[in-house]
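Here is the structure we will look at, set down as structure tokens.
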Amino acid sequence: MVAGAGSPGLGARWLSITALVCCMAACARPDSGVIVLEFWAMGREGEVVAELTRGFEASHPGIRVNVQQLPWQGAHEKLLTAFVGDATPDLAQMGNTWVPEFATLGALAALDPSAAASTVVEQEDYFPGIWDTNVINDRLFGIPWYVDTRLLFYRRDLLAQAGFAHPPRSWDEWREMLIAIKRLPGADHYSILVPLNEFEPLLLLGLQQEEPLLRDGGRWGNFRSQGFRRALGFYLELFEKELAPRATNTQIANVWNEFARGYFAFYITGPWNIAEFKRRLPKELQGAWMTAPLPGPNGPGLSNAGGSSLVVFADSRRKEASWKLIEYLSQPEVQRRFYALSGDLPPRRSSWDDSALSGDRYAAAFREQLERVEPTPKVPEWERIATEMRIVAEQAAHGGLTVDAAAAELDERADRILEKRRWILAREAGE
């Protein structure tokens, strides 16, 4: 018999089902006692950071982290759009060169009070140049998450064939080595690869000078300074003496194969290539290459302070919880795990005290170089200026401009880009 509407059995079942549905609905509703952080991260870091946030959630049961991965291409535009639309996350990974722009816009929360009170984030443990990338107008707007810089990858065997037992320690030594390698037997080879579609090699030479790349508080270009003209002259000499091919890296079919066959002996690149060189170079050449810090005009040289930092957005209503996540990701043991997952170098000296890093002979040069890194000019317009640097340098490398003409052209282009900045600063000063 089918039970009717008044059947006690049906009523009991209906009540049970109703209670179950209500329970499920309650479970589906956000728990008001749990804080949910929105965290945006880019590229490979966005893929692996979820493994780290699980440990954070286990130690902070009242906080959950929702990680949104963004591709690097388009990430800058998405962050800007989120800021304009009042839809920023609580915290995010941000490239160091973007921090000045977003800080100037007022998008970021200052972290000075949190850092000063923290027993985890210790400024003196960070490489100074990396920490400084986050200091804008004497305020701290980010905490370094991982570091990136460039130095020399070189063929030890070819350097030995040219009569040298150590990598260059100054520009004069480097020039001597480059000329000697070019003279080694064998046709169709160069001493160094300096891709014309990359601005970084010239930037590094410019950062090694005493004069800044921009002057008067970032209001004007300073490329006609004696120091930058010296850097540009050294750079162009590589092409004039045919020590470097006039080529972009897209014109080099396979950088690792060309390095292996001796097409060039020096390459300025970053830590991501340690794994690539280990994987791509033939076994018989694994003992023939090495890394070395950059030489400077008169001794050990500076390099760029790159990488990404962790920032908290000004509109976040969960700043305290966001800072707790930053502290967690800043712990040396967590940074070591992050390195194991991503290959990104940690920004704290104590994080290097681990066999995986301290025992890597190729990483040792990066550890040394990180003590001598310099931020790029901390103005929102810097990336546009760097693009112009690449364009003008490529024209000069092809013989279209002299050193003085190229320096003057760079100043003119930089000054045009900085025109609005000068107007804003003058208006703020009441001039």
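The values are calculated or read from the model by the stated rules, or taken from the named source; none is laboratory data. All of these numbers come straight from a predicted model, not from anything done at the bench. For neighbour counting, all protein chains shown are included, and Cβ atoms are generated from backbone atoms with ideal geometry for every residue, glycine included. In case anyone asks, the SASA skips ligands and DNA or RNA and just uses the protein heavy atoms, side chains included. Shrake-Rupley method; radii C 1.70, N 1.55, O 1.52, S 1.80 Å.
Order Ser191, Ser355, most accessible first, counting only protein heavy atoms with a 1.4 angstrom probe. Walk me through the intermediate numbers first.
Values: Ser191 0, Ser355 95 Å².
Listed by decreasing accessible area, they come as Ser355, Ser191.
Highest mean first, how do 227-234, 120-127 rank when packing is the count of other Cβ atoms within 10 Å averaged over residues?
Working: 227-234: 20.9, 120-127: 16.5.
Descending mean neighbour count gives 227-234, 120-127.
For the pairs Lys78/Lys319; Lys182/Lys378; Lys78/Lys378; Lys78/Lys283; Lys278/Lys324, note any where the Cα-Cα span goes beyond 32 Å. Numbers along the way, then the final one.
Working: Lys78/Lys319 21 Å; Lys182/Lys378 38 Å; Lys78/Lys378 21 Å; Lys78/Lys283 43 Å; Lys278/Lys324 37 Å.
Checking Cα-Cα distances, Lys182/Lys378; Lys78/Lys283; Lys278/Lys324 exceed 32 Å.
Relative to the present Cα-Cα distance, how much length would full extension add between Thr402 and Glu383 at 0.36 nm per residue of separation? Let's see the in-between values first.
On the way: separation 19, 0.36 × 19 = 6.84 nm, distance 2.38 nm.
Using 0.36 nm per residue and subtracting the Cα-Cα distance, I get 4.5 nm.
As I understand it, the value is the acute angle between the Cα axis of helix 319-330 and the longest principal axis of the Cα atoms of the chain; what does it come to in degrees, rounded to 10?
Helix 319-330 sits roughly 50 degrees off the main axis of the chain.
Going by alpha carbons, how many degrees (0 to 90, nearest 10) lie between the helix axis of 382-397 and the longest principal axis of the chain?
For helix 382-397, the angle is close to 30 degrees.
Measure nothing but the geometry: give the 0 to 90° angle between the long axis through the Cα atoms of 75-84 and the longest principal axis through the Cα atoms of the chain, rounded to 10°.
Once rounded, the angle reads 50 degrees.
Kindly work out what percent of the DSSP beta bridges joining two residues of the chain are antiparallel, to the nearest 5. Numbers along the way, then the final one.
Working: 26 of 41 bridges.
Of the beta bridges lying entirely in the chain, close to 65 percent run antiparallel.
Using each residue's phi in region 303-309, evaluate 6.51 cos²θ - 1.76 cosθ + 1.60 at θ = phi - 60° and report the 3J(HN,Hα) Karplus result to the nearest Hz, with x for Gly and Pro.
Taking θ as phi minus 60°, the curve returns 9, 7, 9, x, x, 10, 10 Hz for region 303-309.
Where does the chain land at 222 nm, in deg cm²/dmol rounded to the nearest 500, when only DSSP H runs of n ≥ 4 count, each adding -39500 (n - 2.57), divided by all residues?
On the way: 19 runs with 195 residues, N = 431.
Estimated from H runs of four or more residues: -13500 deg cm²/dmol.
Using θ = phi - 60° and the Karplus curve 6.51 cos²θ - 1.76 cosθ + 1.60, what whole-Hz ³J(HN,Hα) does each residue of region 47-53 get, with Gly and Pro shown as x?
After applying 6.51 cos²θ - 1.76 cosθ + 1.60, I find 6, 8, 5, 4, 5, 7, 5 Hz.
In the chain, carbon and sulfur make up what percent of the accessible area (probe 1.4 Å)?
In the chain, the share of accessible area belonging to carbon and sulfur is 51 percent.
Show which aspartates and glutamates lie in cross-link reach of Lys241 when reach means a straight Cα distance below 18 angstrom and same-chain residues fewer than eight apart are skipped.
Leaving aside aspartates and glutamates fewer than 8 places away in the same chain, those within reach of Lys241 are Asp172, Glu173, Glu176, Asp188, Glu394.
For region 311-410, what ratio Rg/Rh do Cα atoms give with a Kirkwood hydrodynamic radius?
Working: Rg = 20.3 Å, Rh = 17.5 Å.
Radius of gyration over Kirkwood radius for region 311-410 works out to 1.16.
With θ set to phi - 60°, apply the Karplus curve 6.51 cos²θ - 1.76 cosθ + 1.60 along region 122-135 and write out the HN-Hα couplings as whole Hz, x wherever there is a Gly or Pro.
Ordered by residue, 3J(HN,Hα) equals 10, 4, 5, 8, 8, 4, x, x, 6, 4, 5, 4, 9, 9 Hz.
Provide the per residue accessible area, probe 1.4 Å, for the chain, rounded to a whole number of square angstrom.
Computed with neighbouring chains in place, this is 47 Å² per residue.
Over the chain, what relative contact order in percent results from Cα pairs under 8 Å that are six or more residues apart? Intermediate results must be reported in sequence, preceding the final value.
On the way: 657 pairs, mean separation 107.0, N = 431.
About 25 percent, as a whole number.
What Kirkwood Rh does region 144-278 have if only Cα atoms enter the pairwise 1/r average? Answer in Å. Don't jump to the answer; show the numbers that get you there.
Numbers: mean 1/r = 0.0620 Å⁻¹.
It works out to 16.1 Å.
Once each part is reduced to its C-alpha centroid, what is the distance from region 250-289 to region 77-100 in angstrom?
Taking the Cα centre of each part, region 250-289 and region 77-100 sit 35 Å apart.
Any chance you could look up the accessible area of Trp131 with a 1.4 Å probe, heavy atoms only, rounded to 10 Å²?
Accessible area, nearest 10 Å²: 20 Å².
Using only the alpha carbons, work out the radius of gyration and Dmax of the chain in angstrom.
My reading of the Cα-based Rg and Dmax gives 26.6, 102 Å.
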